[in-house]
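The structure appears right after this line, and notes come after that.
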Amino acid sequence: MKIAEVSPEIIPYAKTGGLADVVGTLPLYLEKAGHEVSIFMPFYKSVKNSGIDIKLLDTTFDIPIGDTEHTVTLWKSIHHSSKNIVIYFIQRDEYFDRDSLYGTEFGDYQDNAERFIFFSRAVIEAIKRLVLPIDIIHCHDWQTALIPIYLKTLFAEDEKLSSIKTVLTIHNLAYQGMFRQEEMKLTGLDMSLFNCKNLEHWNNINFLKGGIVFADIVTTVSKKYAEEIRTIEFGCGLEGVIEEHEEKLYGIINGVDYTEWSPDKDDLISHQFSIEDIKGKAQCKKHLQNELDLPQTEAPLLGMISRLAEQKGVDLLIVIMDELMKRDLQLVILGIGDEKYHQMLKEFTPKYSEKLSVNIMFDNKMAHQIEAGADIFLMPSKYEPCGLNQMYSLKYGTIPIVRETGGLADTIIDANDENLKNRTATGFTMKGYFAAELLHAIDRALDLYKLETPWKALRENAMKQDWSWEKSTNQYIELFKSILK
Ligand code: ADP
């Protein structure tokens, strides 16, 4: 099959979350399985500044946005891990030559609808102009969700494009691309689509909803999340449309790129280690404590790496912080996001300078060092479509404490007595979204940590888990094949 992966972010060019990791890695496994893959993303400032060799193509063309024509310039580079995978960049500096991908600390960019209408139309037009024989376009998130709609409407009669099938993967249903009705005219789509069965959602235009309606297949990033989003609690207002299209909804868990995230070959950590040779982990802990100006104690070191958004359970942590700091432990937080969480977390640091390190930034190297040096990882998310950090934590023997939701529920097995005895446990789970439950889960972990042998067994079992991409890639391939039949 010939597959085009289309995403608003891809490592190493642009990343705000797990989506970038997924779209950077999945193509390699599709290729390994014998398929031809190309990738499309916007030409952001970060692409320009990446230092990677990117070539200008001599194909330019215009895209109508409302009443105006806008010129598209195309660039291409080769995937950093495979010379057969071409990445195409859609350039228009007016839209993408900015410091951030989607907005500033004060909110989303005002022209996000226009930016991603432009991107989506430009991708389709580029496929046509470059005469790429694509079978499947695999779209990711609301920023690309107009593509299935365009293919089934404006381009339905186009002989080069009409046979292409579309798959839309939802990485987080909370982000829908919802805009004022007036933006509809920028799309070039017929106003008759502005109704509640198609793109309209409570008088607004909703890109993701339209994508769900028009895509041939919709996937999300874990089985559990695929079930959850049919409910009012997790459906973010789209549970109705999801229920209506449930026959084409599937959950496929994301895989981990173990070439980047394995303690035995990680160049970003101070000492490499493995199950057989674990002593490097203690050295990584010392190194991390040193880097963070924390005293070098034997006390358990808890880590959290997260976008600081409501979804991630940081408010629970804030509620229990004073109580937690009475325990014999240290806590390192690495995250960036909502300003209110930055403030609240920073307020704790003068009080607990010996125990708490709050790092408000995005720092990939520090993320690796926390995974390697911490003993326990906190991920008490309110909801979590898939989550990658809990899977990274397993491989680094950093026992995750998670809430039983979405991908966290699908990947972590609670260390209750029975699971410890039969050696299936990999972490600690909590059911409800309550601060007291988080504290209880942490206390359970701290208690077990004191017992050397069972903790070692738990850590070894965690490190043995394999969430590599092969299985999930095969599931995507089966779905792709099913719609081409
Ligand atoms: P989400 O996509 O919802 O943000 P995931 O767990 O799926 O959550 O993926 C988050 C990814 O972003 C992980 O690779 C994680 O290490 C990384 N990450 C999140 N915050 C930071 C940060 N402040 N610094 C470095 N990496 C981060």
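The values are calculated or read from the model by the stated rules, or taken from the named source; none is laboratory data. Predicted model only: the values in this text are computed from it and were never measured. All Cβ positions, even for glycine, are placed from backbone atoms using ideal geometry, and neighbour counts span all protein chains on display. Please note that ligands, DNA and RNA were not included when accessible areas were found on the heavy atoms of the full protein model with its side chains. Shrake-Rupley method; radii C 1.70, N 1.55, O 1.52, S 1.80 Å.
Residues that are within 16 Å of the ligand (Cβ to nearest atom) and more than 14 Å from residue 139 (Cβ to Cβ) within region 1-43 comprise 11, 12, 13, 14, 15, 16, 17, 18, 20, 21, 24, 25, listed in sequence order.
Which of the residues spanning region 76-121 are among the basic types (Lys, Arg) and in contact with a Lys or Arg (Cβ under 8 Å, 6 or more places away or on another chain)? 76, 98, listed by residue number. Checked against (1) of a type in the set (A, V, I, L, M); (2) away from the ligand (no atom under 16 Å from the Cβ); (3) touching a strand residue (DSSP E or B) at 6+ places or on another chain (Cβ under 8 Å), residue 173 passes all but condition (2).
When you go through (1) away from the ligand (no atom under 12 Å from the Cβ); (2) in contact (Cβ under 8 Å) with a residue 60 or more places away in the chain; (3) open to solvent by 20 Å² or more (accessible area, probe 1.4 Å) one by one for residue 300, which number turns out not to apply? Here residue 300 clears every test but (3). Screening 183, 228 for residues that are of a type in the set (Asp, Glu) and crowded, with 22+ Cβ neighbours inside 10 Å leaves exactly one candidate, 228. State yes or no: is residue 46 of a type outside the set (Asp, Glu), touching a Leu at 6+ places or on another chain (Cβ under 9 Å) and within 16 Å of the ligand (Cβ to nearest atom)? Spelling it out, residue 46 is indeed of a type outside the set (Asp, Glu), touching a Leu at 6+ places or on another chain (Cβ under 9 Å) and within 16 Å of the ligand (Cβ to nearest atom). Scanning region 352-388 for residues that are polar (S, T, N, Q), open to solvent by 30 Å² or more (accessible area, probe 1.4 Å) and within 8 Å of the ligand (Cβ to nearest atom) yields a total of 1. Which one of 265, 312 is of a type in the set (D, E, K, R) and more than 16 Å from the ligand (Cβ to nearest atom)? Sole residue among the options that is of a type in the set (D, E, K, R) and more than 16 Å from the ligand (Cβ to nearest atom): 265. Would you be able to say whether some residue in region 427-436 is in a helix (DSSP H, G or I) and open to solvent by less than 60 Å² (accessible area, probe 1.4 Å)? Within region 427-436 (the criterion being in a helix (DSSP H, G or I) and open to solvent by less than 60 Å² (accessible area, probe 1.4 Å)), the answer is yes, since at least one residue qualifies.
Only residues that are part of a helix (DSSP H, G or I) and touching a helix residue (DSSP H, G or I) at 6+ places or on another chain (Cβ under 9 Å) were counted across region 1-21, and they come to 1. Scanning region 402-417 turns up no residue that is away from the ligand (no atom under 16 Å from the Cβ), part of a helix (DSSP H, G or I) and crowded, with 16+ Cβ neighbours inside 10 Å. In the set 445, 435, only one residue is within 26 Å of the chain's Cα centre (by Cα), at pLDDT 95 or above and in the same structural domain as residue 321 (by TED's automatic domain parsing); that residue is 435. The residues of region 330-351 that are under 27 Å from residue 106 (Cβ atoms) and within 15 Å of the ligand (Cβ to nearest atom), listed by number, are 333, 334, 335, 336, 337, 338, 339, 341, 342, 345, 346. For residue 253, indicate whether it is within 16 Å of the ligand (Cβ to nearest atom), hydrophobic (A, V, I, L, M, F, W, C) and at pLDDT 95 or above. It is true that residue 253 is within 16 Å of the ligand (Cβ to nearest atom), hydrophobic (A, V, I, L, M, F, W, C) and at pLDDT 95 or above. Return the pairs, sorted by first residue and then second, in which the second residue is part of a loop (DSSP other than H, G, I, E, B), the first residue lies in region 429-456 and is farther than 15 Å from residue 416 by Cα, the beta carbons are less than 6 Å apart, and the residues are 6+ apart or on different chains. What qualifies is 433/382; 438/380. In the set (1) surrounded by fewer than 21 Cβ atoms within 10 Å (Cβ to Cβ); (2) closer than 26 Å to residue 256 by Cβ, the condition left unmet by residue 143 is number (1). If you go through region 389-401 and keep only what is in contact with a strand residue (DSSP E or B) (Cβ under 6 Å, 6 or more places away or on another chain), more than 11 Å from the ligand (Cβ to nearest atom) and within 17 Å of residue 280 (Cα to Cα), you end up with 398, 399.
Yes/no matrix, rows are residues, columns are (1) aliphatic (A, V, I, L, M); (2) farther than 30 Å from residue 478 by Cα:
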{"site": "9", "(1), (2)": "no, no"}
{"site": "20", "(1), (2)": "yes, no"}
{"site": "29", "(1), (2)": "no, no"}
{"site": "74", "(1), (2)": "yes, yes"}
